[in-house]
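Novice: Please find one structure pasted underneath; my questions will follow.
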Amino acid sequence: MKAKMTVNKSFTISSVDLRIYGSFVEHLGRCIYGGIYEPSHPTADAKGFREDVKAIVKEMGTSFIRYPGGNFVSGYDWENGIGDSRPKRLELAWKSIETNEVGIHEFVYWANEVNAQVNMAVNLGTKGVESARNLLEYCNHPGGTYWSDLRQKNGAMLPFNIKTWCLGNEMDGPWQIGQKTAEEYGRLAAETAKVMKLVDDSIELVACGSSYYEMPTFASWEATVLEHTYEYVDYLSLHRYYGNQKNDIKSYLAKSMDMDRFIKGVIAICDYIKAKKRSEKTLYLSFDEWNVWYHSHEQDKKQEPWQQAPPLLEDIYNFEDSLLVGCLLITLLKNSDRVKIACLAQLVNVIAPIMTESGGEVWRQTTFYPFMQCANYGHGVVLNPVIDSPEYSCEEFAAVPYVESVAVHNEEKDEVIIFAVNRSLDEEIDFTMELQGFHLDSVIAFSELCGHDVKQTNTKTNAPVKPIESRNFSIDENQISAILKPLSWNMIRCKNA
Ligand code: AHR
């Protein structure tokens with residue numbers, strides 16, 4: 001088969017906000033305790049954080065990390081995680097015991113170590129305006145007030161200066177501690193936002209959208225929440241997880257089309273409210289939870305409650321999952337004019353690209369690689385792709401292009417980076433990329449993730465799913481041709497002359 005992508009240097013979608021390569025660390029399962037934090041581990045630093053995990057997180061290139069939840073935040077009292085006394089609490093969201101050994105100071109320290117900004121969520125489930133404004137004052141006020149002095153007393157002379165804040169989490173969900181109606185949440189989020197911006201008007205705020213697309217209140221939830229919050233917030237959140245429960249790979253790999261439809265739907269709602277309010281302001285999207293999540297569902301039902309750091313949501317990802325993650329990343333890039341934040345949920349052990357063994361190894365799951373390549377190389381301006389690809393139909397979608405692709409122009413390095421997935425199970429695709437307005441000099445790298453059984457996984461001792469170099473390309477002035485192997489994720493980096 002043949003396919004072609006045409007881009008033009010002048011026809012751009014948007015510059016990439018590097019926060020779309022965000023991730024998520026929740027007090028859940030072994031994400032923190034036994035994941036990033038394990039004081040007894042041979043590589044633990046003086047504060048108990050694993051150096052081997054830090055190194056892989058840095059390699060992955062995530063620059064923005066949402067914390068501390070998730071469902072956890074809706075029952076969390078942040079004051080339990082500061083100072084010398086750290087009470088053990090029943091953690092109701094995941095039915096675990098929370099030791100509070102790691103709190104804000106420890107997390108901010110760790111985020112600095114891995115070169116990431118913190119995206120902090122406040123509890124709008126069991127708490128409200130007062131707790132959120134106190135937390136913000138604690139984190140961002142320079143000093144001379146009760147909360148900022150307390151931060152200094154607890155060891156941080158300089159403010160944490162956290163710039164992006166989430167107003168609660170999935171507040172529409174029946175599972176959420178302190179679930180609210182759209183009216184209740186909209187009012188609370190607006191008042192919390194107003195007060196938080198009085199404390200620090202340099203912050204940006206994310207209001208909760210629906211927990212997922214199939215929520216019966218989807219769209220009306222967004223509209224009502226924005227009626228109340230539009231002038232106070234900067235982003236609306238989207239959450240979405242995918243799975244191949246039906247073992248139908250053709251439909252599975254097309255699920256990025258669902259993500260695209262979801263994003264476009266939420267943009268339409270934001271713009272409806274913008275028009276209704278005759279507002280000059282454009283609202284942006286924070287896709288602050290996305291991933292594959294289904295492998296661990298049955299296992300999790302067997303967990304006994306009230307354990308410390310139980311092994312929850314430990315999905316072991318396979319090769320087909322990495323291809324879908326690649327398609328989802330391309331979809332986020334194609335929507336970079338409105339999606340300014342996106343967080344792969346989550347980072348370590350819990351539906352994560354990175355796995356650890358207590359006292360032992362750390363390793364990269366299959367899904368690590370597309371993310372790592374986008375986060376490290378997908379910087380610059382996204383070019384508007386016109387793709388001419390053969391298509392297939394499947395149970396869940398009609399007209400699915402075999403090739404999913406996008407190109408990013410890194411002006412600083414004068415490189416064009418192309419990400420592409422071939423969804424065909426059995427056919428190579430001869431892929432032509434016409435890069436109008438460029439004078440290409442060379443292909444710096446062409447790497448491919450391909451040639452595995454779709455159910456192949458990586459383990460701590462055997463990690464066959466990783467990118468390999470390919471020489472299957474030709475280059476001519478402003479045109480590159482490359483062979484995309486069946487079922488493959490590809491990254492092509494070329495230098496402009
Ligand atoms: O990421 C796991 C959970 O999924 C989060 O805690 C919650 O926000 C979502 O339902």
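The values are calculated or read from the model by the stated rules, or taken from the named source; none is laboratory data. A quick note: this is a predicted structure, and the numbers were derived from the prediction, not measured. Heads up, the Cβs are rebuilt from the backbone with ideal geometry, glycines too, and the neighbour counts pull from every protein chain shown. Surface accessibility is based on the protein's heavy atoms, side chains included, excluding ligands, DNA and RNA. Shrake-Rupley method; radii C 1.70, N 1.55, O 1.52, S 1.80 Å.
Novice: If you fit an axis through the alpha-carbon atoms of helix 319-334 and take the longest principal axis of the Cα set of the chain, what angle between them do you get, 0 to 90°, nearest 10?
Specialist: Between the helix axis and the principal axis of the chain, the angle is about 80 degrees.
Novice: Please return the longest range in the chain lying between exposed loop sites, taking chymotrypsin sites (Phe, Trp or Tyr not before Pro), DSSP loop only, at most 15 other beta-carbon atoms within 10 Å, and leaving the sites out.
Specialist: The longest uninterrupted stretch comes out as 307-497.
Novice: I want to check a number: in region 48-169, how many lysine pairs have alpha carbons closer than 24 Å, given a sequence separation of 8 or more or different chains?
Specialist: Final tally of qualifying lysine pairs is 7.
Novice: While we're looking at this one, here's another question. Roughly how many nanometres apart are two label points built 7 Å out from the Cα toward the Cβ at Phe473 and Lys281?
Specialist: 4.3
Novice: Sticking with this structure for a sec: Probe of 1.4 angstrom, ligands and nucleic acids ignored: what's the accessible area per residue over the chain, in square angstrom?
Specialist: For the chain, the per-residue accessible area is 37 Å².
Novice: How far is the Cα center of region 118-168 from the Cα center of region 406-458, in Å?
Specialist: 43
Novice: Then there is this: Sorted from largest to smallest, which semi-axis lengths in Å does the alpha carbon gyration tensor of the chain give for its equivalent ellipsoid, taking the root of 5 times each eigenvalue?
Specialist: Square roots of five times the eigenvalues give 37, 26, 22 Å.
Novice: Output the antiparallel fraction of DSSP beta bridges having both residues in the chain, as a percent to the nearest 5.
Specialist: Once the DSSP bridges in the chain are tallied, antiparallel ones form about 60 percent.
Novice: Measure nothing fancy, just the Cα-based angle from helix 255-276's long axis to the longest principal axis of the chain, in degrees from 0 to 90, nearest 10.
Specialist: 60
Novice: Once phi is turned into ³J(HN,Hα) by the Karplus curve 6.51 cos²θ - 1.76 cosθ + 1.60 with θ = phi - 60°, what whole-Hz value does each residue of region 396-408 show in order, with x for glycine and proline?
Specialist: 9, 9, 9, 6, 8, x, 5, 9, 10, 7, 7, 10, 10
Novice: So what are the ³J(HN,Hα) numbers for region 84-99, from phi and the Karplus equation (6.51, -1.76, 1.60; θ = phi - 60°), rounded to whole Hz, Gly and Pro as x?
Specialist: Result, rounded to whole Hz: 7, 9, 10, x, 7, 10, 6, 9, 7, 5, 10, 6, 10, 9, 9, 8.
Novice: As I understand it, the value is the acute angle between the Cα axis of helix 51-60 and the longest principal axis of the Cα atoms of the chain; what does it come to in degrees, rounded to 10?
Specialist: Approximately 50 degrees, to the nearest 10.
Novice: Calculate the translational D of region 110-233 in whole µm² s⁻¹ from Stokes-Einstein, where the hydrodynamic radius comes from the Kirkwood formula applied to all Cα pairs, the temperature is 4 °C and the viscosity 1.567 mPa s.
Specialist: Taking Rh from Cα pairs, D becomes 85 µm²/s.
Novice: Under 20 Å Cα-Cα from Lys495, which lysines qualify once same-chain neighbours fewer than 8 residues away are excluded?
Specialist: Cα-Cα hits under 20 Å: Lys4, Lys9, Lys413.
Novice: OK, next. Quick one: with all protein chains in place, what share of the accessible area of region 17-377 is carbon or sulfur, to the nearest percent (1.4 Å probe)?
Specialist: 51
Novice: Excluding residues fewer than 8 places away in the same chain, name every one of the lysines whose C-alpha is closer than 23 Å to that of Lys246.
Specialist: In chain and number order, the partners are Lys255, Lys301, Lys302, Lys455.
Novice: Which trypsin sites (Lys or Arg not before Pro) in region 302-362 pass both tests, a DSSP loop state and at most 16 other beta-carbon atoms within 10 Å?
Specialist: When the trypsin sites (Lys or Arg not before Pro) of region 302-362 are filtered for loop state and at most 16 Cβ neighbours within 10 Å, Lys302 remain.
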